[in-house]
Amino acid sequence: MQEPFFIKKVAVLGAGVMGAQIAAHCVNAGIETLLFDLSSQEGQRNAMVDKAIKGLKQLKPTPLATPEIGDILKACNYDDHLSALGSCDLIIEAIAERLDWKEALYHRIVPYLTDKSILVTNTSGLCINELGNVLPEKNRERFCGVHFFNPPRYMHLAELIPASTTLPDLLDNLETWLTSHLGKGVVRAKDTPNFIANRIGVFSLLVIMHYADKMGLGFDEVDALTGVLLGRPKSATFRTMDIVGLDTMQHVVSTMHQHLTDDPWHKLFHLPLWLTGLIDKKHLGQKTGQGIYRKKGKVIEVFDPKQGNYRIVKGDVTADVKAIMQLSDASDRMQRLVASKDPQAQFLVSCYRDLFHYCAYHLETIADNVRDVDLAIRWGFGWTFGPFESWQMAGMNEMKQCIEEGIKEKISTSDAPMPAWVITLDAFYSKEGAFSPAHLAYQGPSQLSVYKKQYFPETGICQPKRNMTVLFENDGVCLWSLQDDIAVVNFKSKANTIGQSVLDGLQQALGIAEHQCQGLIVYQHDANNFSSGADLRGVANLIQAKKMNDLDKMVEEFQQVLLRFKYSPIPVIAALRGRALGGGCELMMQCSGVIAAFESYPGLVEVGAGLIPAGGGCKEMAIRAASETSLSNLMIPIQRYFEQIATAVVATSSIDALQRGYLRDKDNWVMNVHEVLYAALVKIKAMNAANYTPPLKSRFQVAGREGHARLQSGLINWLEGGFISKHDYFLANQLAWVLCGGDVNQGQWVDEAWMLHLEKKAFMTLADTPLTQARITYLLETGKPLRN
């Protein structure tokens, strides 16, 4: 019988940028974590680690779920605390990329490792086997590479790299733990320099730089071409290098140059003089405030190597290329690019051609199958599709011909022959799985049990989809059966906004679920956006048409739908992932329960549009305030919730959402975004097993006129101090009036209907003002709030 696998305590060796953030994310996941570094010769022995922990609170985006999480990290040093390693299940080495330094540290910690200790290195490209050979033989089978991407909290990818001696069971256990407990997307890589993602991703950057120089394209022009237009991050190429750090880029390229001497593309593995010149001047990118790009006042400038100086950004995509890239069919797009004489089109074809050539040539040595490469690039570099997926969609034979012509005409960056397996292959992906050149067969996704918790995993193109029985559908929502008579409803609207068709659909979907199902899950296929709230454009249209009665009815209908969710006889669970703003947050708050991904960001943000929450958000906050404390202390949570709504605060994690009252103690979260639906299903089963009954409708005490007066006095001070406008004051005062229960005495018992009446009254009052209408219009036009 296999021993159960638990990681209850982690040590991270190295409190640099990566080590400290890896440690922070382990603590985010609720794991006891020790952070080690050198001891200080003067002052506090742990001063170096203490400084690193303090620095975590200042990083943007924050690596910590809440600022207080950093205080849970335990600071240690190599001189005084190495004995503590014996109690750690996992030791993650994350010191600088120096083989000799890592070897010296391993020699130092070996006496403290037990037979159960797991040691992994976070190296981004050094040889795993070479590092493992430093260890005594008994420790080698519990050693491997785990390469996190920066920033470790937010980057989904973790590459798992075995040494030749690593136990297979250990790899399976680590993959399971990384997936469920740290929320990672795990790809197994072979022990080659820079592994998979950096090997392919950095090559793509280098080949883009090569053709940009060869074809005389400006860096801003290249970024306009190689970002969102191609389904890649808006940081594209040169902005990405600034974000990563030009010195980091230099290190990765240097590793490739030093260790990949037999690579047919070796001549590309160097940085141009203009780039090394920036590095020598310490213009390293975002972390130094200047790199390939810089901001001068309000003007963004880009480095121009021809001038040897910066110029104003002006890069544009030509009309011809824009038109081609708007075509929906990937094969049609590629054929049009190949046929075009536009220099930008020729540039894109050259970059695609050489990327595909490189991936095919090296696949067998760096990964087991095409899926592993595609997922590594998707998760590590943020591409919508990986290189093999892109190739197949662009046309297998057409791109093979393009590569062959590039080799024959000596216009490619290498004349390396195409591997034999590629020449006869019709598709990289089929219904059977992803192609593996080592096995000359298609391989299905991993069968590890952890992936059974992912109902909609990312597995590559052509993979069979889960069968779903549609129970109801209209223009706004789709209701479908998952399993065990549990229904799921998802929105079909843009940004999952809540308009009339969604409201109508939710009414009908809930009715069907209550008659046919054991529970209902609100779930969106977009992992980044649960709901952006009410359909603000629809609201604006009603206001502009002076249909205020229709707007009033829509608000009331929204309130009633969410009350039905709250008091439904079946459990209604919000499967929260990503943003839940405004009405989306109100919907979530009134479900029977919430299963959230760790990376969930709920917030009542209506003030940004000059309005207040009117779907029950103020009501729910008032109820939660009343349940938290006695009447004598009621203003403490009321003040906190008022400031939160008045400043449109969005939670930065599920843990933060709990502290801010958006989530309740009975709500739960999971680290992996793809496990939310599974956990919601399990929660409904558990609730029904415990004979679920809906909550009883009850009354609660409010702060009344006295509470409103206290909030109002603070607002007056802000107004007189010039910190807020008169309309800000009017808006916040309406919010304060509602949150405190309106014109009633302190301690008055009220019901939900009373609070919803106040919410709607204040919402309609604000919606009827020209200044709020201007805020709505401005927000719709610019995506930014207006202060007027």
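The values are calculated or read from the model by the stated rules, or taken from the named source; none is laboratory data. Keep in mind that what you see is a predicted model, and the values were worked out from it rather than measured. Neighbour counts are summed over all protein chains in view; Cβ atoms, including those assigned to glycine, are modelled from backbone coordinates with ideal geometry. For the accessible areas, the whole protein counts, side chains as well, though only heavy atoms, and no ligand, DNA or RNA atoms are used. Shrake-Rupley method; radii C 1.70, N 1.55, O 1.52, S 1.80 Å.
Select from the range 152-189 the residues that are of a type outside the set (A, V, I, L, M, F, W, C) and within 15 Å of Asp374 (Cα to Cα) and write down the one among them that is farthest from the chain's Cα centre (by Cα).
If we take residues in the range 152-189 being of a type outside the set (A, V, I, L, M, F, W, C) and within 15 Å of Asp374 (Cα to Cα), then Arg188 is farthest from the chain's Cα centre (by Cα).
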_Residues located in the range 381-399, provided they are at negative phi, open to solvent by 10 Å² or more (accessible area, probe 1.4 Å) and not acidic (Asp, Glu)_ = Phe381, Trp383, Thr384, Phe385, Ser390, Gln392, Met393, Met396, Asn397
*Among the numbered criteria (1) at negative phi; (2) open to solvent by less than 10 Å² (accessible area, probe 1.4 Å), which single criterion is violated by Gly582?*
(1)
_In the range 351-380, residue nearest to Lys184 (Cα to Cα) [restricted to those that are open to solvent by 20 Å² or more (accessible area, probe 1.4 Å) and under 20 Å from the mean Cα position of the chain (by Cα)]_ = Trp379
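Confirm whether Ala495 is more than 30 Å from Gly533 (Cβ to Cβ), surrounded by 12 or more Cβ atoms within 10 Å (Cβ to Cβ) and without any contact (Cβ under 8 Å) to a residue 40 or more places away in the chain.
no
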_Sole exception among (1) more than 20 Å from Glu221 (Cα to Cα); (2) within 28 Å of the chain's Cα centre (by Cα) for Ile279, by number_ = (2)
_Any residue that is farther than 30 Å from Glu514 by Cα and in contact with a strand residue (DSSP E or B) (Cβ under 8 Å, 6 or more places away or on another chain) - is there at least one of those in the range 711-733?_
no
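Provide a single number: the residues in the range 526-573 that are charged (D, E, K, R) and open to solvent by less than 50 Å² (accessible area, probe 1.4 Å).
Count: 3.
Filter the range 755-776 down to the residues that are of a type in the set (D, E, K, R) and surrounded by fewer than 22 Cβ atoms within 10 Å (Cβ to Cβ) and list them by number.
Lys760, Lys761, Asp768
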*Give Lys54, Lys60, Lys74 a once-over and let me know the one that is under 10 Å from Leu35 (Cα atoms) and basic (Lys, Arg).*
Lys74
*asked:* Just checking, does the range 254-262 include any residue being surrounded by 20 or more Cβ atoms within 10 Å (Cβ to Cβ), modelled with pLDDT under 95 and in a helix (DSSP H, G or I)?
replied: yes
*What tally of residues in the range 328-350 results from selecting those that are open to solvent by 60 Å² or more (accessible area, probe 1.4 Å) and either over 15 Å from Glu398 (Cα atoms) or among the hydroxyl-bearing types (Ser, Thr, Tyr) (or both)?*
4
*Working only within the range 683-698, note down all residues that are more than 34 Å from the chain's Cα centre (by Cα), closer than 11 Å to Pro571 by Cβ and of a type in the set (Gly, Ala, Ser).*
Ala690
*If you check every pair at least six apart or on different chains, which have Cβ atoms under 6 Å apart with a residue in the range 399-415 that is among the aliphatic types (A, V, I, L, M) first and a residue that is surrounded by 18 or more Cβ atoms within 10 Å (Cβ to Cβ) second?*
Met399/Phe356; Met399/Trp391; Ile403/Arg353; Ile403/His357
*asked:* I'd like the residue in the range 418-450 that is open to solvent by less than 10 Å² (accessible area, probe 1.4 Å) and hydroxyl-bearing (Ser, Thr, Tyr) and, out of all such residues, is farthest from the chain's Cα centre (by Cα).
replied: Ser436
*Residues that are part of a strand (DSSP E or B) and either touching a residue at least 40 places away in the same chain (Cβ under 8 Å) or not β-branched (Val, Ile, Thr) (or both), drawn from the range 138-168*: Phe143, Cys144, Gly145, Val146, His147, Phe148, Leu157, Ala158, Glu159, Leu160, Pro162
*Residues being within 24 Å of Asp751 (Cβ to Cβ) and either in contact with a Pro (Cβ under 7 Å, 6 or more places away or on another chain) or surrounded by fewer than 22 Cβ atoms within 10 Å (Cβ to Cβ) (or both): count how many of those fall in the range 594-611.*
2
*Among residues belonging to the range 639-677 that are under 19 Å from the mean Cα position of the chain (by Cα) and under 18 Å from Val572 (Cβ atoms), point out the one that is surrounded by the fewest Cβ atoms within 10 Å (Cβ to Cβ).*
Asn668
